[in-house]
1. Contour minus end-to-end for residue 415 and residue 460, with contour as 0.36 nm per residue of separation and end-to-end as the Cα-Cα distance?
2. Apply the Debye scattering formula to the range 345-481, with a single equal point scatterer on each alpha-carbon and no solvent, then give log10 I(q)/I(0) at q = 0.09, 0.14, 0.16, 0.18 Å⁻¹.
3. List the relative contact order of the range 435-495 as a percent without decimals, with contacts defined as Cα pairs under 8 Å and 6+ residues apart.
4. In which sequence would 372, 303 go, from the one with the fewest C-beta neighbours within 10 Å to the one with the most?
5. Over the Cα atoms, compute the radius of gyration (one decimal) and Dmax (the largest Cα-Cα distance, rounded to a whole number) for the range 117-208, in Å.
6. For a quick protection proxy, order the peptides 350-359, 113-122, 151-160 by their average other-Cβ count within 10 Å, most packed first.
7. Relative contact order for the range 362-521: what is it in percent, counting Cα pairs under 8 Å that are at least 6 residues apart?
8. Could you give the length gained by full extension between residue 273 and residue 286, i.e. 0.36 nm per residue of separation minus their alpha carbon distance, to one decimal place?
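Read-outs: derived from the displayed coordinates by stated rules, not from any lab. Please read these numbers as outputs of a predicted model, since none were measured by experiment. Virtual Cβ from ideal backbone geometry, glycine too; neighbours counted across all protein chains shown.
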Ligand SMILES: [Ca+2]
């Protein structure tokens, strides 16, 4: 029988939402020699059991109304982030080539969002946005770190921030302060060692560094924050194992597991058996047909299955929130994001529309689909509201809780989203020149900073952004452009400047220089 003063040591038992967990001293009646004399020894009899339960009830009552539901375990959080996984890269999002049975199951259990966006078309800004609940434009973290400017650009990129400042109060900081064990297992890419996850509210950092991708997915990895695995071990499998280990160690809860996979970022390297499997699945005319990439998706999907099995085994599944997202659109031509236009690094939907699946046990209706536009920052307030931790009004200012959508009892008080990318993606197929964009209702306006031209699309009728309506709808252009400019002023977004050394007789960049190639295995 657990003694009442030991119950205080069980995280969450006496927790009240919005307040720190009471210290053991608050409920631990000091033991005296007199007490010891009265104590009849080990509590074996039903009478002693009833007496102990009565005492526990009295203690709970003394803690006030917030403690009445305190016996329920606090909700754990598992946030799995894929890298560069495109909108149609899962079977449950329409792929007929890639297989993702565990994520498909997660979608059957929870809510699948069809208009979820990343806050940026590349890695670091999107991750910073999720972790801070702020737009990249506000953070001044607007490109992947450190970025790669072209040789002869018309515009010079602003002096942007190449790390996640320690002053930022991250999602992990918030959960850690509320008593959560916190782990970042996987890619970080938000600055060097002074800005690693352990400086941002995470108790544990496994494999997180300033690097944008692993040199190789097969051990030896040579990642300074990851103890080396046996030769040939596969990195995605390893991260899944580390995640399982963390859950096991913190099964008493509550915990926050942030699992930002390196997959499916370059280099494209999959396990040989999976490459063989997907080579055999190729059909003529398929837009998605990269066997190595398919194998990477399957391995990542398998970690989702392993984690969910672990949660079941440990009887944690009914109070563990599971979220799956991607940090930007799929890279072309490795994959195809059709019907969306191009992919990662572009200003079009292929660059920022991503999968998002949320499973909140007991709340989300199995197999639901949500078509409301949402964005990466929203995860911050969504998670905190679900786990009943308050976020101050000055925190996560660009984040909106998705709880009304998850409960299906309301909408969002917002009909516009913004993107700000004062950089170049000259090395990416279909990549962007400096731009800003707004989506308001069904319309999306893109403004290109080199000459301030605009493009306007109606996404409801034209999801592939093939028909630029700007010349036909000047009033709509003006409305959205004014809103976009006002937003930029409000958040203090940095703009690029004219490059006095720009040579118009030369191309802005040499397309063959520093070209990134996928290793087609
Ligand atoms: Ca990425």
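1. On the way: separation 45, 0.36 × 45 = 16.20 nm, distance 1.42 nm.
Going from the current span to full extension adds 14.8 nm.
2. Scattering profile of the range 345-481, log10 relative to I(0): -0.34, -0.77, -0.95, -1.09.
3. Numbers: 67 pairs, mean separation 15.3, N = 61.
Relative contact order here is 25 percent.
4. Numbers: 372 15, 303 24.
By the 10 Å Cβ count, ascending: 372, 303.
5. Using the Cα atoms of the range 117-208, the pair Rg, Dmax is 14.0, 51 Å.
6. Values: 350-359: 28.2, 113-122: 25.9, 151-160: 17.1.
Ranking the peptides 350-359, 113-122, 151-160 by packing returns 350-359, 113-122, 151-160.
7. Details: 174 pairs, mean separation 21.5, N = 160.
13 percent.
8. Details: separation 13, 0.36 × 13 = 4.68 nm, distance 2.11 nm.
Contour length minus Cα-Cα distance gives 2.6 nm.
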